[in-house]
Amino acid sequence: MKDRLIITITDVHGSKQYNLHQFVRRIVLYFSLFLVALILLGGVSIRLLLSEVKQIQERRDSLIQEYADTLERNEQLRQEIEQKSEELITISDRVEDLEGIIGVQKDEESSGDLSLIERVDLASITGVQKGFVMRLIPNGYPINSNQVSADYGWRIHPILKRREFHTGIDLRAPVGTPVYAAADGVVDFSRSEYNGGYGNLVKIDHSFGFKTFYAHLSKLIVKKGDFVKKGQLIAYSGNTGMSSGPHLHYEIRFLGNHLDPRPFIDWTMKDYTNIFEKETSVKWQSLLTTINNLMEIQAPRSSPAEPR
Ligand SMILES: [Zn+2]
């Protein structure tokens with residue numbers, strides 16, 4: 001009790017003494033208590049905050065994981081879509097091929113709002129008729145070569161060197177290349193002679209007034225009177241007769257007159273109707289009607305696939 005500091009305050013009521021030491025001690029005590037409380041509170045708060053941070057981190061990690069999963073799934077789905085798209089394209093192509101084979105006219109306004117199923121159904125209506133026509137009337141290449149060395153029409157003859165009408169089409173091919181019948185028919189002529197420049201020659205009679213000539217052949221396979229199917233091997237190409245190089249001279253005749261074989265060799269299931277416009281010396285509508293009647297096809301009157 002030696003360092004006691006006493007403050008005396010005097011006013012009109014008298015004097016009052018304050019023991020400053022005691023006062024300070026109390027302040028220190030309160031302050032200490034306050035400090036301890038503050039530290040405790042701070043500690044608790046920090047712990048709470050830390051746990052909250054931890055939770056947020058966990059949530060963030062799970063979100064990142066979810067995001068990665070979503071990305072992966074997205075990639076999977078994208079690949080699936082790509083695969084399905086390819087499949088769909090393949091199917092569409094097949095339907096288109098099928099339509100080409102059995103005959104649906106590519107009519108923009110009518111096929112636009114038809115489903116694949118409807119189009120296939122529609123295709124089957126005229127398919128049989130088309131198949132018939134493409135078997136009976138000469139079409140396609142009679143030899144595996146699309147190298148046309150001389151077209152049908154007026155030209156300077158390569159050997160005679162004078163202006164002459166070329167009555168067929170020349171398809172360049174090595175000697176010994178297989179030659180096929182352009183349509184069903186019966187062999188009218190098959191002889192290994194000069195034949196007025198044609199060389200070894202095969203002629204086939206087809207239905208409805210058509211006839212095909214295959215000239216400059218090296219080897220004949222069929223004989224006169226043989227019935228042949230479209231695509232059947234009839235001979236091998238060569239360089240016989242009046243020929244300036246190995247090729248097949250291919251001729252198409254209708255009622256005795258030669259026609260340009262080009263629209264006929266270009267005639268396919270897909271471009272079925274083109275020839276009807278390109279070759280006008282044949283009454284196509286009448287021919288198709290006859291074939292339809294032969295087949296007893298009851299084609300719907302308003303069928304958009306009915307050939308013109
Ligand atoms: Zn020729």
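All of the numbers you see were taken from the coordinates with simple rules; none came from a lab. What you see is a predicted model; the values in this text were computed from it and never measured. Neighbour counts run over all protein chains shown; Cβ positions are idealised from the backbone, glycine included.
Please give the FRET efficiency for ASN274 paired with SER192, using the beta carbon to beta carbon distance and R0 = 25 Å, rounded to the nearest 0.05.
FRET efficiency, ASN274 to SER192: 0.10.
Per 0.36 nm of contour for each residue apart, how much would the distance between GLU66 and THR10 grow if the chain were fully extended, relative to their Cα-Cα spacing?
Full extension of this stretch gives 12.4 nm more.
Along each principal axis of its Cα atoms, how long is the range 6-70 end to end? Whole angstroms, biggest number first, please.
86, 20, 9
Given points 7 Å out from each Cα along the Cα-Cβ axis, report the VAL175 to ASN19 separation in nanometres with one decimal.
About 14.5 nm separates the two model spin labels.
Using amide H atoms built 1.01 Å from N in the peptide plane, name the residues 5+ places from ASN200, or on other chains, whose amide H lies under 5 Å from its own.
Hits under the 5 Å cutoff: GLU193, HIS216, LEU217, THR240, GLY241.
Name the residues whose placed amide hydrogens come within less than 5 Å of the amide hydrogen of GLY168, ignoring near sequence neighbours (fewer than 5 apart) on the same chain.
GLY153
Take the residue pairs LYS130/LYS283; LYS203/LYS229; LYS161/LYS219; LYS130/LYS230; LYS130/LYS229 and return only those whose Cα atoms are more than 23 Å apart.
Pairs exceeding 23 Å: LYS161/LYS219.
Mind listing P(r) for the range 163-232? All alpha-carbon pairs, 10 Å bins, whole percents.
Answer for the range 163-232: a P(r) of 19, 53, 26, 2 percent.
Under 5 Å between amide H atoms, partner at least 5 residues away or on a different chain: which partners does VAL228 have, H built in plane at 1.01 Å?
Under 5 Å from the amide H of VAL228 lie the amide H atoms of GLY185, VAL186, VAL187, each far enough along the sequence or on another chain.
Name the residue from LEU33, VAL44, ASN19 whose Cα lies farthest towards the positive end of the charge dipole of the range 6-70, charges +1 on Cβ of Lys and Arg and -1 on Cβ of Asp and Glu.
Among LEU33, VAL44, ASN19, the one farthest towards the positive end of the dipole of the range 6-70 is ASN19.
Between ARG78 and ARG135, what length comes free when the chain is fully extended (0.36 nm per residue of separation minus the Cα-Cα distance, one decimal in nm)?
Using 0.36 nm per residue and subtracting the Cα-Cα distance, I get 15.9 nm.
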